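> Structure below; questions to follow.
The values are calculated or read from the model by the stated rules, or taken from the named source; none is laboratory data. Remember, it's a predicted structure, so these values are computed and weren't measured experimentally. Cβ placement follows ideal geometry from the backbone for every residue including glycine, while neighbour counts extend to all protein chains displayed. Just so you know, the surface numbers come from the protein's heavy atoms only, side chains and all, with ligands and any DNA or RNA stripped out. Shrake-Rupley method; radii C 1.70, N 1.55, O 1.52, S 1.80 Å.
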Number of protein chains: 2
Amino acid sequence: MTTMANMEDHPAPPGAPAERAGPAESGVEATRLSLIEAGLKLFGSKGFEASSTREIARTADANIASIGYHFGGKEGLRLACAQHVASHIWKIASAAAALARFPQDDNSPSPDQARAAVLTFAGAMVRGILGDERTLPMIDFVIREIANPSPTLDMVYRSVIDPMHRRVCGLWGLATGRDGESEAVRLAVFAAIGQIMYFRIAREIILRRMDWSGYDEAAIAAIAGEVVACVEASLDRLSPGGRTGEAS
Amino acid sequence: MTTMANMEDHPAPPGAPAERAGPAESGVEATRLSLIEAGLKLFGSKGFEASSTREIARTADANIASIGYHFGGKEGLRLACAQHVASHIWKIASAAAALARFPQDDNSPSPDQARAAVLTFAGAMVRGILGDERTLPMIDFVIREIANPSPTLDMVYRSVIDPMHRRVCGLWGLATGRDGESEAVRLAVFAAIGQIMYFRIAREIILRRMDWSGYDEAAIAAIAGEVVACVEASLDRLSPGGRTGEAS
DNA sequence: TGCAATTAATCAGTCGTTTGATTAATTCAA
DNA sequence: TTGAATTAATCAAACGACTGATTAATTGCA
C-alpha cells in the first residue's frame, strides 16, 4: 500500500454535503450512489456532453435537481464518478495483483518469479477489462476521460494510473534485470497496456472483422493468449540473454 | 487495386450538390472544404456533440446556414468528414504501402520480402499516426467515431479499415507461412494496430509518465522501435520454424 | 435575367441550473 | 415523553441560454 495515492485530498464538489463517515448503506445515500452509477453508465456509453442531466436523473430514478444538490452540477457528478471509479479500479487491480502473486514491498522476488507475475497479471488485465461485465462501465468511462484531458483525468491518473504503472514497471524491471523506471521498460508497459485497451476501444470493429458476436470466453482466451505472448516476447527482448537482437 | 473498396457507392448526404468531377479548388467549393476541415478539427478534438454548428461555422469562417445547405445538417457534415477522411487516409496508406514495397497482386513475394514489408509498414504507420501533424485531426476524428458506433463508422470501416486490415493480414500470412485470414493472424494484426493507436489515444497520459513534452522525433523513434520489435516477435511466434527464412 | 451561394434573422426545442414548496428525519428544551 | 424548531432531501416547475434547423432576402457570377 506504500505506492497508493492518497484519495482523501480531493476537495468535495461545491454544494455537496459533508462526507458521511458512518454507514453509507443508510438508504439516504442511495440517491447519491444511484446517480453516480447512472452517470458512469451514460458518460461511458454516450460521452459526457451527449448525456443530459434529465436522462441521468431518469436512469437513476431521481429528480433532476438532486444532481445539483448532491454534486453541485453535472461536472461535479463527473468528478464523483471518477472518484468512484478510482477507488473501485484500485480494488480490482489489487485483487489482480494478489492473484499474480505480486511481490511484497520488502522481499525482492527472483526474475523468474517476477516474470511469472507479469504474465499472470497481463492475463488478469485482459479478463478484467474485456470480460467482467460489472467493470465495463468504469472502463468505458476511463477511456472517454483519457481522450478528453480534464481535472477529472488528473485525479484518475494520480490515484490509479500512475501508481499502477509504476508497480508494473518495477516488476517488469525485476523480470528483465533492468531498471523499472528506464525508458525502455516504461514504454514496453504502455505498449502492452495499449494492446489490451484497444481491444476494448475498437470493440465494434474488432468483433466485425473477427466475425465474433461478442467477447465470449473463447474470444477472451484468444486475446489473452495473443497479449501474453507479446508480453513474453517483450520481456525476452529486454532481458540480457534475450534471443533476438536489440532494436535500433 | 483489387482489394480496394469502391468509394463511389456511398450515397451523398441529403442536400449536398452533386460531387464535382472537375477542379475542386475553384473557390466555389472553398466553403464546403472549409466546413469539412473545421468539422474534422472540432469533432476530433472535442467530440461530435460538444461541437456546436455555430462554432464550426465560425471556425470555417462561414455562415451557420451553409452547413445545412451543403450537407443537409450537422449529421451530414459528420458523414462528409468521414468520407473526406476515408479518401485521404487511403492515399496515405497507399503511399505507406508503396514505401513498404507492398507486393503487387500478381506476383507472390517471398516470406522475407513480405516480412520486411510488414515491418516497414508498421514503422510508417507509427509515424503517420503519431508524427504527421496534418493527419492528426483525421486520426482523432476516426478514434472518436470508433468509440461511437454509427452509420459513419460503417462507411469508414468498409472503405478503409476492412480493406487495409485484409491487405496487412495477407502480407502477414505470407511472412509467416500461414493463412492471412486465419484467426491468429487477424488477431495479431489488431494487437499491433492497437499498440500504435493507443499511443495516440492515451497521448496525454503517456507523455506525462514518459516525461515527454510531445511526440518529437526521438519519442516517435522509440515508439516505432518498440512496436516494430513487437511485430517482429509476433511474426516469429506465428512462423513455423522461427526466423530462418525458408521458401515454401 | 437566372441560378447557385451566402446572409441575417428567427424557429421550436433542449440544455444545465435554479427556485420555492413539501416531506422526512433529527434535535432539543420542557 | 412530549411537541415545536431545525435540518436534510426530494419534488414539480420554471429560468435564461444555447442547440440545430429553417426561413426569406440578398449577393454575385455566368
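> Taking only the stretch A:179-208 into account, find how many residues are free of Cβ contacts under 8 Å to residues at least 40 places away in the same chain, within 7 Å of chain B (Cβ to nearest Cβ) and not small (Gly, Ala, Ser).
10
> For the stretch A:121-166, what are the residues that are among the charged types (D, E, K, R) and within 12 Å of chain B (Cβ to nearest Cβ)?
A:Asp140, A:Arg144, A:Glu145, A:Asp154, A:Arg158, A:Asp162, A:Arg166
> Is there a residue in the stretch B:85-100 that is modelled with pLDDT under 95, open to solvent by less than 60 Å² (accessible area, probe 1.4 Å), in a loop (DSSP other than H, G, I, E, B) and away from DNA strand D (no atom under 13 Å from the Cβ)?
Yes, that holds for at least one residue.
> Now for a separate question. Does the stretch B:36-74 hold any residues that are farther than 20 Å from B:Pro149 by Cα, within 8 Å of DNA strand D (Cβ to nearest atom) and not in a loop (DSSP other than H, G, I, E, B), and which are they?
Matches in the stretch B:36-74: B:Thr53, B:Arg54, B:Glu55, B:Ile56, B:Ala65, B:Ile67, B:Gly68, B:Tyr69.
> List the number of the failed condition for B:Arg78; all other conditions in (1) within 12 Å of DNA strand D (Cβ to nearest atom); (2) modelled with pLDDT under 95 hold.
Unmet for B:Arg78, out of (1) within 12 Å of DNA strand D (Cβ to nearest atom); (2) modelled with pLDDT under 95: (2).
> Of the numbered conditions (1) in contact with a Phe, Trp or Tyr (Cβ under 8 Å, 6 or more places away or on another chain); (2) at the interface with chain A (Cβ under 8 Å from one of its Cβ atoms), B:Leu171 fails exactly one; give the number of that condition.
For B:Leu171, the failing item is (2).
> Looking only at the stretch A:170-186, count every residue that is open to solvent by less than 20 Å² (accessible area, probe 1.4 Å) and either within 16 Å of A:Asp236 (Cβ to Cβ) or under 16 Å from the mean Cα position of the chain (by Cα) (or both) and tell me the total.
So the answer is 6.
> Residue by residue through the stretch A:143-164, note down the ones that are touching a residue at least 24 places away in the same chain (Cβ under 8 Å), part of a helix (DSSP H, G or I) and open to solvent by 20 Å² or more (accessible area, probe 1.4 Å).
Passing the criteria: A:Ile143, A:Arg144, A:Pro151, A:Arg158, A:Asp162, A:Met164.
> Now for a different question. Which residues, counting only those in the stretch B:104-120, are open to solvent by 20 Å² or more (accessible area, probe 1.4 Å), assigned to a helix (DSSP H, G or I) and more than 14 Å from every other protein chain (Cβ to nearest Cβ)?
B:Pro111, B:Asp112, B:Gln113, B:Ala116
> Among the candidates A:Arg167, A:Arg243, which residue alone is open to solvent by 20 Å² or more (accessible area, probe 1.4 Å) and either at pLDDT 95 or above or part of a helix (DSSP H, G or I) (or both)?
One residue alone meets the criteria, A:Arg167.
> Could you list all residues from the stretch A:209-222 that are more than 7 Å from chain B (Cβ to nearest Cβ) and of a type in the set (A, V, I, L, M, F, W, C)?
A:Trp212, A:Ala218, A:Ala219, A:Ile220, A:Ala221
> Would you check if A:Ala12 is at pLDDT below 50, within 13 Å of DNA strand D (Cβ to nearest atom) and either open to solvent by 80 Å² or more (accessible area, probe 1.4 Å) or within 14 Å of chain B (Cβ to nearest Cβ) (or both)?
So A:Ala12 does not fit the description; no.
> Given the criteria within 19 Å of B:Leu136 (Cβ to Cβ), among the polar types (S, T, N, Q) and in contact (Cβ under 8 Å) with a residue 12 or more places away in the chain, does B:Thr59 qualify?
For B:Thr59, the condition - within 19 Å of B:Leu136 (Cβ to Cβ), among the polar types (S, T, N, Q) and in contact (Cβ under 8 Å) with a residue 12 or more places away in the chain - is met.
> Can I ask one more? Regarding B:His70, is this residue under 23 Å from B:Met155 (Cα atoms), open to solvent by 40 Å² or more (accessible area, probe 1.4 Å), modelled with pLDDT of 85 or more and away from every other protein chain (no Cβ under 14 Å)?
So B:His70 fails the test.
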